[in-house]
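The values are calculated or read from the model by the stated rules, or taken from the named source; none is laboratory data. Since the structure is predicted, the reported quantities are computational estimates derived from the model, not experimental observations. Note that we place each Cβ from the backbone using ideal geometry, even for glycine, and neighbour counts take in every protein chain shown.
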Amino acid sequence: MVSAAFTPISYRVVAEPTVRVHVSELACCAIEVGSAVALGLLQPEAPQDAPARIDVLLVSGTVTELLAPAVQAQWAAIGEPRLAIAVGACASSGGPYWDSIVVLNGISDLIETSGYIAGCPPDPRRIIDGVLALVPTP
């Protein structure tokens, strides 16, 4: 069972409002997503927003065996078309915890991954630029 605490938070990319971003806040890199909101790069999704053209799941943080089902459930809950992007070293490759027996070596072991945003943590602008670079143009 997936706890409500693992429900992704949804935002719209200010530069491309048809892109909905769901943030799986597992660890440190999620703080940089909060900085993207503070910088005006993302805005919380509002009920009156038009339907999204594409949904993006940002997985930020260390994915452990215990958290893996929650990430899979988040991915399954997002409609098509969709992309999954690993944000930061931990979501991309396990980061400094890569050799732990309970840490996955990145989300690509778990869900179909469209891209990676490097950093520990990546800058908020780099996160948004990475999302926009990976989203197909309309």
Of all residues in the stretch 28-45, how many are outside any loop (DSSP other than H, G, I, E, B) and surrounded by fewer than 19 Cβ atoms within 10 Å (Cβ to Cβ)?
7
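Is there a residue being at pLDDT 90 or above, assigned to a helix (DSSP H, G or I) and out of contact with any Ser or Thr (no Cβ under 6 Å at 6 or more places or on another chain) anywhere in the stretch 46-60? Please lay out each step first, then the result.
The first filter runs over the stretch 46-60 and keeps only residues at pLDDT 90 or above, leaving 52-60.
Imposing the further condition that a residue be assigned to a helix (DSSP H, G or I) reduces the set to none.
No, the stretch 46-60 contains no residue that is at pLDDT 90 or above, assigned to a helix (DSSP H, G or I) and out of contact with any Ser or Thr (no Cβ under 6 Å at 6 or more places or on another chain).
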Based on this model, can you work out whether Glu25 counts as of a type in the set (Asp, Glu), out of contact with any Gly (no Cβ under 6 Å at 6 or more places or on another chain) and surrounded by fewer than 15 Cβ atoms within 10 Å (Cβ to Cβ)?
no
Could you say whether any residue in the stretch 128-135 is touching a residue at least 60 places away in the same chain (Cβ under 8 Å), over 17 Å from Val14 (Cβ atoms) and in contact with an Asp or Glu (Cβ under 8 Å, 6 or more places away or on another chain)?
no
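For (1) free of Cβ contacts under 8 Å to residues at least 12 places away in the same chain; (2) among the hydrophobic types (A, V, I, L, M, F, W, C), each residue gets a yes or a no:
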residue: Val59; (1), (2): no, yes
residue: Gln72; (1), (2): no, no
residue: Gly79; (1), (2): no, no
residue: Ala84; (1), (2): no, yes
residue: Val87; (1), (2): no, yes
residue: Ser92; (1), (2): no, no
residue: Asn105; (1), (2): no, no
residue: Ile117; (1), (2): no, yes
residue: Arg126; (1), (2): yes, no
Sole miss for Ile128 among (1) of a type in the set (Val, Ile, Thr); (2) at pLDDT 95 or above; (3) not in a helix (DSSP H, G or I) is condition (3)
Matching residues, the stretch 77-117, being more than 15 Å from Val21 (Cα to Cα) and in a helix (DSSP H, G or I)
Gly88, Ala89, Cys90, Ala91, Ser92, Ser93, Gly95, Pro96, Tyr97, Ile107, Ser108, Asp109
